[in-house]
Every structure is written in C-alpha cells, then in structure tokens.
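Below is one structure, written out as structure tokens; comments come after it.
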2 protein chains.
Amino acid sequence: MAIDASIHAKAVELTKLSIQMTTAAGSGHPSTAASLSHLITCLMYQHMRYEPANPKHPGSDRLVLSEGHAVPIVYAACADLGVAIGKGKLHPMTRDDAMTLREVGSVVDGHPNPLEGFPFFDSATGSLGQGLSTAAGLAQAAQLDGIAKRIFCIIGDGESREGQVAEALDYIMDAKLTAVLPIFNCNVYAQSDKASPQQQADTMVAKLKAFGYDVRDINGHDPNAILAALAEHAARADAGPGQPIAIVARTTKGWGAASMQGNGHHGTPIKPNEVDHIFAELDATAAHVGAAWTDGDLAIAPITAKVPDAPAVTPAPSFTEALIKFGKADALAKGKFSTRRAYGVAVRAAGHANPRIVALDADVRGSTYADDFAKDADLAARFFDCRIAEQNMVSVAAGFSAGGKIPFISTFAKFLTRAYDQIEMSINSGANLKLIGSHAGVSLGADGPSQMALPDVAWFRSFTSVKLPDGRPAMYVLQPSDAFATYALVQAMAAHDGPCYMRTLRPDTELLYDDKTEFTLGGHEVIAEGNDLLIVASGYMVHEANRALDGLEEAGISATLVDLYSLPFDEEALLDLAQENNGMVLTVEDNYGAGVGGAVASALAEDGGSFTLKQMTVERVPKSGKTPDDLLKLLRLSADDIVRTARELMELASP
Amino acid sequence: MAIDASIHAKAVELTKLSIQMTTAAGSGHPSTAASLSHLITCLMYQHMRYEPANPKHPGSDRLVLSEGHAVPIVYAACADLGVAIGKGKLHPMTRDDAMTLREVGSVVDGHPNPLEGFPFFDSATGSLGQGLSTAAGLAQAAQLDGIAKRIFCIIGDGESREGQVAEALDYIMDAKLTAVLPIFNCNVYAQSDKASPQQQADTMVAKLKAFGYDVRDINGHDPNAILAALAEHAARADAGPGQPIAIVARTTKGWGAASMQGNGHHGTPIKPNEVDHIFAELDATAAHVGAAWTDGDLAIAPITAKVPDAPAVTPAPSFTEALIKFGKADALAKGKFSTRRAYGVAVRAAGHANPRIVALDADVRGSTYADDFAKDADLAARFFDCRIAEQNMVSVAAGFSAGGKIPFISTFAKFLTRAYDQIEMSINSGANLKLIGSHAGVSLGADGPSQMALPDVAWFRSFTSVKLPDGRPAMYVLQPSDAFATYALVQAMAAHDGPCYMRTLRPDTELLYDDKTEFTLGGHEVIAEGNDLLIVASGYMVHEANRALDGLEEAGISATLVDLYSLPFDEEALLDLAQENNGMVLTVEDNYGAGVGGAVASALAEDGGSFTLKQMTVERVPKSGKTPDDLLKLLRLSADDIVRTARELMELASP
C-alpha cells in the first residue's frame, strides 16, 4: 500500500498549494481543485508518459482539462514537478511561479491558456464542455501519424450538461477512439447548487453505457481504483480501435477539508485567516487515510511513442492544372463556377500538396464540396465527417491543430454560428483553423433565413482588429467572388499559420480572374477604374455591382469597382482609390451591417479626409425566394438598386 | 380498421402534395416529408386539439417541427385543412397557396417561418436541434398559466446529433414536463449518408431510457401504433408532472415510393417527368396497405383548455424605491454599485410589476444576480435554472415568448456566444428575448479570456441595422455604465416588444445618475461638455474616460464625454456633438473592434462631413489580471492611455 500512501500525501500537498495560490490570487476554485487531487496525482506523477522539461513533446500523453476552473491543482503539480513554462524560453515552473496565479504579468493564467506561456496544455479551456472534442482531435491526429499516445480528458459533472459533451461522446464512439479516456469528475456540486440529477454519477453511468462506453465507476479518491482503471484503459488503447472506456469518478468537492465542502464553495478562495484551519482539516484527513510520502513510490512514465519526421510539402498546382489533374478539364467551359465547388477542388489540391491538411465537415459535404476531398482515395483517411454537430467539429479541429495538422472545416456559414464560442476558444488556443462557411449571404435563396449567414461578417471582422498573444493576427475574413480567387485563397490559407474564415456561395458565379491573378491575405482587386464613385463589394455582390456598371455609365457615373475579398485590407490603398473618386464611396454586401461597409467606414473615418460613404446591406430579415435575383430585389440590393442608390448618393453630394 | 385506412389514404395524399410543391419550387425535401406522413396525419387530423381558423389560439396544442426541412408535409396538411395563414389578415390556406412554396412573395417559406405569415408555427426552425427546447418553453409557459395543452415536437434522427437535443432532454426530465412529447423520426438517413449508429433507433431507445424517459418504440407508419402512443402520452400529460414519454418512430425516408428511398434523396425534389412514376408507386403502396378514405373517420379534436385573462401590469417603482422595498435602502451608500447587481434589483422589480416576466439563468445566478429574482418567494415559480446549457436556455426562452411570456435570460456574456445561432433563430421567430450578458469586456479581470465577452458587441450590433418582417427593430444593444441606468433600461426592455441585449459588468462602478435621469432604447447621456474632442464610451469605459477628463484638461483638451449606452443611437445628435468639437472624435471600448467605435465610424462616414475618428479597442487577446486596472494598462485602455491617445489625435490634427 506504499504507493497508495504516497498518492494520498501528494494529493494533500497539491490541494494545499492550490489553496495557497487561489487565496493569494483572491479568486479561483480551490474546492474543485481538491476534488481532482488524487486523479491528477495518479495521472501526472505516475501514469502519463511525458517529460516535464519538454511539455510539448509530440510523443507525450496529453491532458485536456475541460473543466478549466480546476486548473490550480494542475499548476500545483507542475510547480512541484518543474514542468517547463514561459513565453519564448521555457523554465521549470516553481512554487513562486504558482503564487503568481492570475497576475497580469504571469504565465499562470486564471484558466488553461497555452499561448500565454503554458505549453503543457494544448488548448484554452474555461468555457465549458469543449475539452472532450479537443481530446478526440488530438487522438485522431496522433492516429494519422501512428503515434501511440493517450489523451486524458477531465470533465466536470455540471459541465456535462453542455450538449457538446454528448456530441463528443458520439464522435469518439463512431471513431472507436480508445486512445481517449473521458474522466467525469462527479463531485456532486455545480456553481449555484448541486448539479442536476441528470448529471449525477448514477445517471452518468447509465447514459455512458447507453452511448456504448465500457464504464468504470470508481471512487475518485481511491488511488488503487484510479490506477486500476487507468491500467485497463492503457491496455484498451494499446489494443487499437474498439470500444472506448470512460471513467465516472465519484469525488468530493473540497476533498479533505469539511469546511470547504457542500454548497456555496464554488469559485470561492479560502480567506487568509481560514487557511490554517483548512490545512489542519487536511492534515487530519491525511492521517486518517494513511498518507505518507516515500521517495520513489511514484515516477513519471517515460515517453515510448515514436514520432515520424515532418512530411514534405509540395507546391499546389494552379487552378487550371488542378482541374485537369482531377479530370475536370472542361469544368470552366461555361464561364461560371460556384465558389463552393472551387473550394472542393482547392482543398483537394491542398490536401495532395500538404500531408498535414485534414478536412472536416458536418454532414453537408455534398453541399460544401468537401466531398471532393472525402472521395479522393489518397485523401479519404484524412477526411472526418463530424455529422450534424458543429460545436464538436470545431473543437475536434482545434485538437487536430494542436496535434500538428491543418484542419479545413466546412459547413453552411449559418451553422458555424452555433460553434462561435468554440471558434473563439480555438483562436485563444492558437489553433490553426481554416473555417469554410458555405451558402453565405442571401444568394442561397430558396431555403430561407434559417440557412443564411448574415451577421457572420461582423463577428469574424471583430477579430481582425486583434492580435494573438504571440503577435499573429487573430483572423482573416476572406470572401472570394470567383473560382480562381477561391482556389488561390485556399492555398494562401493553407500556407498561413493562423485562423482564417472563408465564405463560399451556393450559386454559380461568373469567372472574373485567371491563374495569374495574385490573391493574398489582406489583398483586394480593382475590377473597373473610374473617377466619380468607388464601389466596394465582396463575394456575390461583386457580380451584382459589376452588372450595375453599365447602368451607372448611362447615368453619367464613372465608377471604380473594388473586389474587397479580404478583411483586414490595405487601408491606404483603398483610401487612395476613394480619393481618386472625389471621396465618394458605396459599399454593397448581402449580409447584415457592421461587415465590409463597416470596415470601410472605419478606415474612412479614421483617416480624417473628406469622404462620403453609403452602405448597402440587408436591412430586413430575409425570407425564401426562388432565385438570388428575387431576394436581391426584395432586399433592394439588385444591380438596379445599386444604380439608384449611387445616383441618390451623387445627387446628394452635388445638389 | 376504418380509421387506419383513412390515415393511410391521407398520408399518401399529403405525400403527393409535398412532392408537387417541392417539384414546383425546384427545391425542398420530399423524402423527409414522406417519412412523416402518418405522424402528421395522426397529429393534425385527429389527435391535436386546435382550430384551423385560429392557429394561434393560446389554448391549442402546439406542433414544433424541429426538423424544419420536413415542412412540406405540414404545409400539405394545412392546405388540405384550410389552416389560416397570411400577413395581417389571415385566410384559409389552399392548395394554390401550397404551390407557391419558396416564392419570394409567398408566406409559404422554405422552412417554418411564423413571422412571414404562418402562425400555425411558434418558431422558425431549420437550423437543427433547437425545437425540443422551444417545446419545453411552450409547455412551461402553459404550466404557469394553468393551460392544459400538449406540445408535440418532431426531431430528425440525424438532427439528434446536435448536443442541444441532449440538453433539452435533460431539461424536460428535470422539470417532469409530461406535456411535451418528443417524437424522434428515425428514418435512417441524414444528408450525406445514413445517420451514425449513435442516432439510429436502437441506440436512441437506449439513450432515451438512460435519460429517464418512458420510451414508445413504434413503427412510424402504423396508424394504430401512433394513435396508441399518442393516447398514452395524453393520459400521462393529463396526470400532471411525472416521467415524460418519448416516441422513437421507425420510419422510411421516402415512404411509399421506392424510387425516393435510400441514400442520395435528401433535399432533392422529384424531377417533373418522374412525378407520375412516383405517384404510381405511391398508389401501389396505398393499395397494398389498404388505404381508403372515409369521411368522418378523422376529426380534429376540439380545444378544451381554459385560457386565463391577461394579467394586470403595474408601473415599476424607481430604483431607490425598489431598493427600499427589497430591504436594501443603504445599498448605494458607498457610491458604487455594480451593474450586474443593479440587474438583480431591476429584474426583481420588473417581475413584480409584470406577471408575464420570467427569468432564466444557466447555473450562474449568484454571479449574474438573477438570484434576486429566484430567491423572491413571489417570483420563484417564474425562475428557471437551465443549468450549464446555454443553447437550450435560449430556445426555451423563445418557447416562453411564444407562450406569451417575457423571458429575461442571464449568463456570462461570453457563454451566451454558444447560443448565437439559437438567438438568431429566436429573433427570426419574433421572440421577445431580453438577453443579459454579465461580466462583459475585460473588467472581469482575474478569470481571463475564457470568461470575457469581446466580439459580442460586433455581433449584436450587426442586427441593429435590421428590421423584422413585421417592421420591429431586430435588436437593441444596451451597455449601461451605472446602476441607475441599468435599472431604468431593464424596465425599458420589459416595456419594449422585441429583442434586446444588455451587457452588465462584474466590478462595482461609480454612480453617475439618479432616479430622474431618463434612459431610453436609442438614447445616450452627455456627461461632460467641451469643445475640442468628443469622447464616446459605454459601460465600464465611461468611468475610465471620466477619469481621463482631468488629465485632458491639464493637456489643454476640453472634452465632451458621451455615455453611448444604446445601439442604435440618435446619429444626428451625436454628429452635432462631434461638430461642436471640431469633428474630432475618440471612441473607447474594452472589447474587440466593430463595436461602438464601428457604429460611430459608420455614422461619421455616412454623414460626409469633416471628421477625424480614433477608435480605442482591445487589440490583443486578453489574459488574466487581478484587477480591471491591470488589464486596462496591459491593453493600453487606461485613463492615462486615453489621455495619451487623445493628445496624439489632437496633435495629428493640428500639427
């Protein structure tokens, strides 16, 4: 029983440090931390195969702490074990580091936050219910590379109410991902009260069995029970794909100290004058369970997994070459090609060029054209249909990214909306996400507003003014108007290390460019040059604006037309074009406000020059219409409306 | 077996009309519709208690079609039964109406869309997985009013992968909502392929039992089995709260016509030249199952539920009066009071003044101060803790709204992000949502970016440029800076019929106003008047800007400070203020870009006058910091930074 005694001793020690850290910080969740004290000790001091000096080692087992607020117990272990931390150059974490928890200059952030200098973690957690999906992505990335590592994910009971946890459980079952071990920390209490009976241990066991899991229902403070369950999981994982194991760990919130147990102790640090009393309670518990540390009882397991060399990346062919290669040489013959179809060709070509690329879709691969990737025999193993569960898909993709892959994630742009929190957490994690939202704007037509992305440009644009902690841009928003642009921008996304969002369109659109046109993140294209009015459009509306040029000429308005396919964009270049048009600017977009027009407005207003802007946007919730034209007329965004609005703007300016 | 034969006959007839409609429209989902033909016939021709001439009757049973793409089968029934439709004046739906499916001028939209003129439905569906939550809200609204109506919800098997369905199942179990009947339409196929084994009927039955449901596993094309299960549900619902029943209906996608069965028939209308063949197949099936219509076999059940009179609304007291009433007379003594605490007082006062108000929270009621409402004995029955499941919470609230309630929905603003799709669908439904996002911006401090709302202003702002189909504004965004403003704006939200989003703050903030200050949706307050520079701020940053005024005066800059607590706002009034300050404008916000500064930029750029704007926003992903001050300094948004930025702006303008 020596190891048992040592684990108890370490669990008490880590709990004490968790308390000291959170008390010093004046905030945090020591009682949740205490409920994990034995599980973390068993994992980090004994079972997990990793190297404290090299916490990002690609062959190491990974820990995803989905209930991020429990992080002080992991910090305590890292401080004790000297797990390397830091921005840039790493150093072994110390107890002094731990005591800087939540300080603005500290890498020991309030919740797991790898980009701030804590590489032991793969993903930022703290917004609940997302970790198990990320664990699945980490496991599948390792599977692709033949790296036999295990992924442990700790999920709170209250947190398990988040539907994404059910999505992840289904996903792991579908893929038979035995390498993932979901550990449900059933400590009875959530924030406001006890967790619902639906999330208590008995029901969790029944649900997990119904989902298909082989469940281990254990006392989460019994070292032998924990180690036995972990050993069973190890054997299962080593045996390859099959029935996954899940652990339901019955734990005590505030284990070891009665004064921090029960309701009302969530997110409440111990008051400084109560620490001694709590420590005395912990010491009494330690004595009661026979805690006694013996050096050598516990030892971190060495990394055994072999890691392959980085694969070679080859240049992608041109769009035309790719079409020929894929047996679609005459695809462009009619002069029209939807950007969603171009995405299919592009991601397939990118997949061939770069073995790190994986593709994910949510049961709409025939509509997004991710099917081109999925049906290519050379790529099929790197395609993952995530079914109708977008939250899980995005967090799985974050796991793929942390595992060294470049995930291209497609579904209707509208349906990505339900994963915005997951997208933001992935951005915060530094994930290299390539998000493809298809059927964007109102050109979708017949299906109606339940399938149309409309406020999405505003949301993604908000990130374009932000940098990640490591200085990279937090987002590029890309709205290609034709197939050549789509193809080229997908290759640019693949080459860029950071999050991008591309909107693709349902209808076929005219080809405007060719293989030689250069498209860059941050770029734009001038389609027509005039000197009265600068028209700025993106995506489908480039074509509508293009159609308006004749009418404008008839009305005596000489217009410059810019395809502003990227946010952010070169503001100086656009301001120059505006000035060449006497400062008169019209923006046209088939989504709600605060998008492209808003970005142009910001550039104009911040310049301080003399400009007059008119923004055309979707000003009423759309409905069904059989064709894009029907919708654009209803919404006063047709070519005729552009001409009319331009005339009104010019008359207003020169009465 | 006469009724059985009549139901078969009607099921075939409705399937035929669904095919004709979608073929005429050139898009739609006839095979999904066919899988529901018997279920819809049993519900709409026999079991449901409603009046076709008055589809919004508050005493009628309700149908929520969560798998909105199956809607042609419901349209077919409505056309056959003459269910009233229309915008403004209603008329009985005809077959001619049905044949206008998806036309831009038609009220027969591509997916259920009540605001476009289809009042039989309570909510817009089509973005999947949301209906069951809405059904729960409808049931609870009826329960509060003592209306004994039943709520039927049809959910697709593929759709059941959405985690929100699990959230709704848990919620219905917790509340013992026997009035809701979840019907899972297990027709085997999703869009790309068969649904996962995790969503096939056998697993669905096992999962539902593990969730606690009394499951009826039936053949969804057997009229007697359907009617028997519905009768059992009716008895269960009539008996009051208890163990809910759920139906797993095994159905055939494309029932009745082999040519539209199997994979590859999702979202594919029948080609005009194939309709005859499909109809022949349907006729053969009809003969095979003994379909034969007899007048009088089926009859819509009459409404029996009694509906109470609308409750009286009384004026809410002033903030000070409310504090006294609630025994907190000295709460304002120290001159500081957080806006989240003010929300607690305000929603409690509003709840007393208006019996239609209900409050929902997601396990953080102690942090959002929804606890003030929950713990008031007179209001507790109208408080609903939705646990850690924000998607379900928002869709439940949409159900409450459809049931005549005014739902106030609170959680951390960050966590509302994961319900943005649900919020948008609720807006599209015309739901009267009052969303309260607490701990907004970076003043939260210590917990770090996983708990901070940062791109939220941009997203909600996008809706402020949009009108609902009935002309109401799609959104007001409210960012009160002090407790008086919060209190008054909560009362204004309660009085307004339409969606609103309010951001509240964690830290205590100085009191700036009093009971006499008037706050309106669309309003703003001038805090200081100057003539060199207009500073525009909201929420916490009003105080930071206020602190900067002295430094600005020292620097010789006379500043006007506006508390722009509402989006949209009175643009003319703001432009006047800008002009009084020589066109120099500085906006300050502690969130990402495209928010308040973006809105001001749009107003300035659209005016065409001579203005120079500088926007201060959060330009890097934040991290933890012990105090708001620590964070604001790190992010260069402190009072000192405001002074510095203002000086730079003024020097730039007058070199």
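The values are calculated or read from the model by the stated rules, or taken from the named source; none is laboratory data. Everything numeric in this text was worked out from a predicted model, so none of it was measured. We place every Cβ from the backbone using ideal geometry, glycine too, and count neighbours over all the protein chains shown.
Taking the conditions exactly as written (more than 10 Å from every other protein chain (Cβ to nearest Cβ) and in contact (Cβ under 8 Å) with a residue 60 or more places away in the chain), does B:SER395 satisfy them or not?
When the stated conditions are applied, B:SER395 passes them.
Across the stretch B:316-328, the qualifying residues are those that are of a type outside the set (Gly, Ala, Ser) and farther than 13 Å from B:ASP515 by Cβ, and the one among them that is surrounded by the most Cβ atoms within 10 Å (Cβ to Cβ) is B:PHE326. Just to be sure, is B:ILE423 in a helix (DSSP H, G or I), of a type in the set (A, V, I, L, M, F, W, C) and within 25 Å of A:MET475 (Cα to Cα)? Against the criterion (in a helix (DSSP H, G or I), of a type in the set (A, V, I, L, M, F, W, C) and within 25 Å of A:MET475 (Cα to Cα)), B:ILE423 qualifies. Just need a number here: residues in the stretch A:592-613 that are surrounded by 24 or more Cβ atoms within 10 Å (Cβ to Cβ) and facing another protein chain (nearest Cβ under 8 Å). Matching residues across the stretch A:592-613 total 14. Note on the stretch A:332-373: residues that are buried (at least 23 other Cβ atoms within 10 Å of the Cβ), within 14 Å of chain B (Cβ to nearest Cβ) and either touching a strand residue (DSSP E or B) at 6+ places or on another chain (Cβ under 7 Å) or modelled with pLDDT under 95 (or both) total 10. Within the stretch B:73-84, at least one residue is assigned to a loop (DSSP other than H, G, I, E, B) and either modelled with pLDDT of 95 or more or within 14 Å of another protein chain (Cβ to nearest Cβ) (or both).
Condition check ((1) out of contact with any Asp or Glu (no Cβ under 9 Å at 6 or more places or on another chain); (2) of a type in the set (D, E, K, R); (3) touching a residue at least 60 places away in the same chain (Cβ under 8 Å); (4) buried (at least 24 other Cβ atoms within 10 Å of the Cβ)) across all residues:
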site: B:HIS8; (1), (2), (3), (4): yes, no, yes, yes
site: B:SER35; (1), (2), (3), (4): yes, no, yes, yes
site: B:LYS56; (1), (2), (3), (4): no, yes, yes, no
site: B:ARG62; (1), (2), (3), (4): no, yes, yes, yes
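Scan the stretch A:141-148 and give yes if some residue there is within 14 Å of another protein chain (Cβ to nearest Cβ) and at pLDDT 95 or above, otherwise no. No.
Filtering B:VAL477, B:VAL466 for residues that are in contact with a strand residue (DSSP E or B) (Cβ under 8 Å, 6 or more places away or on another chain) and without any contact (Cβ under 8 Å) to a residue 24 or more places away in the chain leaves a single hit, B:VAL466. It is to be established whether one or more residues within the stretch A:501-510 are more than 30 Å from B:ALA70 (Cα to Cα), within 14 Å of chain B (Cβ to nearest Cβ), in contact with a strand residue (DSSP E or B) (Cβ under 7 Å, 6 or more places away or on another chain) and surrounded by 24 or more Cβ atoms within 10 Å (Cβ to Cβ). Yes, the stretch A:501-510 contains at least one residue that is more than 30 Å from B:ALA70 (Cα to Cα), within 14 Å of chain B (Cβ to nearest Cβ), in contact with a strand residue (DSSP E or B) (Cβ under 7 Å, 6 or more places away or on another chain) and surrounded by 24 or more Cβ atoms within 10 Å (Cβ to Cβ). Evaluated against (1) within 14 Å of chain A (Cβ to nearest Cβ); (2) outside any helix (DSSP H, G or I); (3) modelled with pLDDT of 95 or more, B:PRO182 falls short on exactly one condition, (1). The condition of being in contact (Cβ under 8 Å) with a residue 60 or more places away in the chain, among the small types (Gly, Ala, Ser) and within 13 Å of chain A (Cβ to nearest Cβ) does not hold for B:GLY403.
Within the stretch A:480-493, the set of residues being touching a strand residue (DSSP E or B) at 6+ places or on another chain (Cβ under 6 Å) and either aliphatic (A, V, I, L, M) or modelled with pLDDT under 95 (or both) comprises A:ALA483, A:LEU489, A:MET493.
Screening A:GLY471 against (1) within 21 Å of the chain's Cα centre (by Cα); (2) assigned to a loop (DSSP other than H, G, I, E, B); (3) within 7 Å of another protein chain (Cβ to nearest Cβ) leaves a single unmet condition, (3). Restricting attention to the stretch A:88-106 and to residues that are touching a residue at least 60 places away in the same chain (Cβ under 8 Å) and over 27 Å from A:GLN164 (Cβ atoms), the residue that is farthest from the other protein chains (Cβ to nearest Cβ) turns out to be A:ARG95.
Can you name the number of the only condition in (1) over 27 Å from the mean Cα position of the chain (by Cα); (2) under 19 Å from B:ALA33 (Cα atoms); (3) within 14 Å of another protein chain (Cβ to nearest Cβ) that B:THR203 fails? B:THR203 satisfies every listed condition except (2).
For beta carbons closer than 7 Å, sequence separation of 6+ or different chains, a first residue in the stretch B:579-593 that is farther than 21 Å from B:GLY441 by Cβ and a second that is surrounded by 24 or more Cβ atoms within 10 Å (Cβ to Cβ) and at pLDDT 95 or above, the qualifying pairs are B:ASN581/B:LEU533; B:ASN581/B:LEU534; B:GLY583/B:PHE611; B:MET584/B:LEU533; B:MET584/B:LEU534. If you go through the stretch A:377-392 and keep only what is without any contact (Cβ under 8 Å) to a residue 40 or more places away in the chain and surrounded by fewer than 24 Cβ atoms within 10 Å (Cβ to Cβ), you end up with A:ALA377, A:ASP378, A:LEU379, A:ALA380, A:PHE383, A:ASP385. Here B:THR627, B:THR645 are screened, and the one residue that is within 18 Å of A:GLU103 (Cα to Cα) and among the β-branched types (Val, Ile, Thr) is B:THR627. When the stretch B:193-245 is filtered for residues that are polar (S, T, N, Q), in contact (Cβ under 8 Å) with a residue 12 or more places away in the chain and not in a strand (DSSP E or B), the ones remaining, listed by number, are B:SER196, B:GLN198, B:GLN199, B:GLN200, B:ASN224, B:GLN243.
For the stretch B:126-162, filtering for residues that are part of a helix (DSSP H, G or I), closer than 26 Å to B:THR203 by Cα and acidic (Asp, Glu) leaves 1. Taking the stretch A:614-655 as the range and being surrounded by fewer than 22 Cβ atoms within 10 Å (Cβ to Cβ) and closer than 30 Å to B:HIS69 by Cα as the test, the residues that pass are A:GLU619, A:ARG620, A:LYS626, A:THR627, A:ASP629, A:ASP630, A:LYS633, A:LEU634, A:LEU635, A:ARG636, A:SER638. Does B:ASP109 meet the test of being surrounded by 24 or more Cβ atoms within 10 Å (Cβ to Cβ), in contact with a helix residue (DSSP H, G or I) (Cβ under 6 Å, 6 or more places away or on another chain) and facing chain A (nearest Cβ under 9 Å)? Taking the combined requirement at face value, the residue satisfies it.
Among the residues of the stretch A:440-459, which ones are under 20 Å from B:ILE427 (Cα atoms) and either more than 7 Å from chain B (Cβ to nearest Cβ) or assigned to a strand (DSSP E or B) (or both)? Answer for the stretch A:440-459, where residues must be under 20 Å from B:ILE427 (Cα atoms) and either more than 7 Å from chain B (Cβ to nearest Cβ) or assigned to a strand (DSSP E or B) (or both): A:ALA440, A:GLY441, A:VAL442, A:LEU444, A:GLY445, A:MET452, A:ALA453, A:LEU454, A:ASP456, A:VAL457.
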